[in-house]
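Presented below is the structure to which this report refers.
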Amino acid sequence: MRGVYIHIPFCQQICHYCDFNKVFLKNQPVDQYIESIGLEFQLMKEAGHSFEQVETVFLGGGTPTALSVPQLDRLLTIVEQYIDIPALREFTTEANPDDLSEAQLCILKEKGVTRLSIGVQSFNERLLNQIGRTHSVDDVECVISTARNIGFENISLDLMYGLPTQTVTEWEETLDRALSLDLPHYSAYSLIVEPKTVFYNRMTKGKLPLPGEDAEAEMFGMVIDRMNASNRMQYEISNFAIPDYPSFHNLIYWENLNYAGIGAGAHGYLGKQRYANVGPLKHYIDHLEEGKLPIKEVHEVTQAESMEEEMFLGLRKIEGVSMEHFKQKFKKPILEVFGKPIHDLQQQGMLQIVDDQLCLTRKGIFQGNAVFQQFLLEV
């Protein structure tokens, strides 16, 4: 187990694009939920899972910073009972600009959190309102200033493009504002309209004016070029960082390594099993209070599936997949398993081999999903 993801499903406001497991904070059993996380840690330990090799912890959501200061304190106290926090390579929490107070930042810093991932999405007030965000542009700059004063250096911003009615010029203005903050890490994601979201309902009614594929491709190209020019190198399709500041936790996912998922609706990958926890809060809490792990489903990953995952996760990284590592891990040369798709994609100018690394070309980066589909084995 290299990483631990902890899901905090509470939000003050539900964004129009979000399909994660989340609930409105008001009237929820927050304190009981936090104690249940402790029960899950304990039951995992009793089941033989060791947290001794954990390198990263990630608090995600929902919105972890929707918790009050005492609740955050209690949650982090539970985490440190099972994980050697000072030994971690990285301890991240997600946060919203308008509910991250100075007191919360102080308790996060005191309890060993080293990295903030702040959901900004846009520096355009009209677009923020349109996607259901409650913070202002000023909130972003204020919270970053406060975080820096408290001692946080490793700060990342999440940005989104391809938003309804968003123009290329507006996206460029957001990039200007984001880069002016001079942060070590930025993530930039295109909007994906997921079922069971406000945006999906609007789209089915023909009331979601999206920018279109050409404008979205222009926005993607712009963020790559602007970030690279600012020494924020693209190290994964949607992620950019100065040297030594990638998201080490997310690299565990892309490198197809083991991690635990703790909390309602969390997913994990331990040994050769991928598992998912039950989503509804009551079911999650009830399972744990009955002394049972809250696992809804377990999938035994076959050798073929693991090889597929190695490719379509690893190729998300700009450095790509090490052919030697693949051979050592699976006892087969990569070209023996995926020779045809690799040859075809090279011919199409979407894949290249650089020394030992198989990686996407710039053309391949723009058509990543089409590339990844070629590595699904027919078994």
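Below is a table of values for the structure above.
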read-out	value
Per-pair calculated FRET efficiency, R0 = 35 Å: residue 218 and residue 26 via Cβ, rounded to 0.05	0.30
Cβ charges +1 (Lys, Arg) and -1 (Asp, Glu), total dipole of the chain, debye	600
Reciprocal mean inverse distance between Cα atoms of the stretch 29-68 - Kirkwood radius, Å	11.9
Most mobile listed residue (117, 187, 101) in the chain, GNM with C-alpha springs under 10 Å	101
Per-residue Cβ neighbour rank within 10 angstrom, fewest leading, 230, 156	230, 156
Ranked list, fewest to most other Cβ atoms within 10 Å of each Cβ, for 99, 244	244, 99
Extension gain from residue 50 to residue 89, taking 0.36 nm per residue of separation minus the Cα-Cα distance	12.3 nm
Residue order, fewest to most beta carbons within 10 Å, for 65, 146, 169	169, 146, 65
Cα-centre dipole for the stretch 321-373 with unit charges at Cβ (Lys and Arg positive, Asp and Glu negative), debye to 20	140
Lys, Arg +1 and Asp, Glu -1 on Cβ, resulting dipole of the stretch 208-289 about Cα centre, debye, nearest 20	360
Translational diffusion of the chain, µm² s⁻¹ [Kirkwood Rh, Cα pairs; Stokes-Einstein; 10 °C; 1.306 mPa s]	72
Alpha-carbon centroids, the stretch 168-237 and the stretch 289-365: separation in whole Å	26
Viscosity 0.890 mPa s, 25 °C: Kirkwood-radius Stokes-Einstein D of the stretch 211-362 over Cα pairs, µm²/s	136
Value at 222 nm in deg cm²/dmol, rounded to 500, when DSSP H runs of n ≥ 4 in the chain each add -39,500 (n - 2.57)	-12500 deg cm²/dmol
Two-site label geometry, residue 168 and residue 134: point separation in nm, points 7 Å out along Cα→Cβ	3.6
Gain upon complete extension [residue 101, residue 289; 0.36 nm per residue less C-alpha separation]	64.5 nm
Distance (nanometres) between label positions extended 7 Å along Cα→Cβ at residue 244 and residue 362	3.0
Fraction of beta bridges assigned by DSSP in the chain that are antiparallel (%, nearest 5)	40
Ellipsoid equivalent to the stretch 164-203 - semi-axes via the Cα gyration tensor, in Å	27, 13, 6
14 Å reach of a label modelled at residue 324, 7 Å along Cα-to-Cβ, counting backbone N of the stretch 352-366	354-358
Projected area, mean over directions - the stretch 321-373, Cα convex hull, nm²	3.5
Nearest-0.05 FRET efficiency for residue 205 and residue 255, computed from C-beta distance (R0 56 Å)	0.85
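Every number here is computed from the coordinates shown, using simple stated rules; none is lab data. Note that the coordinates shown come from a computational prediction; the quantities given were computed from them, not determined experimentally. Note that each Cβ is placed from the backbone with ideal geometry, even for glycine, and that neighbours are counted across all protein chains shown.
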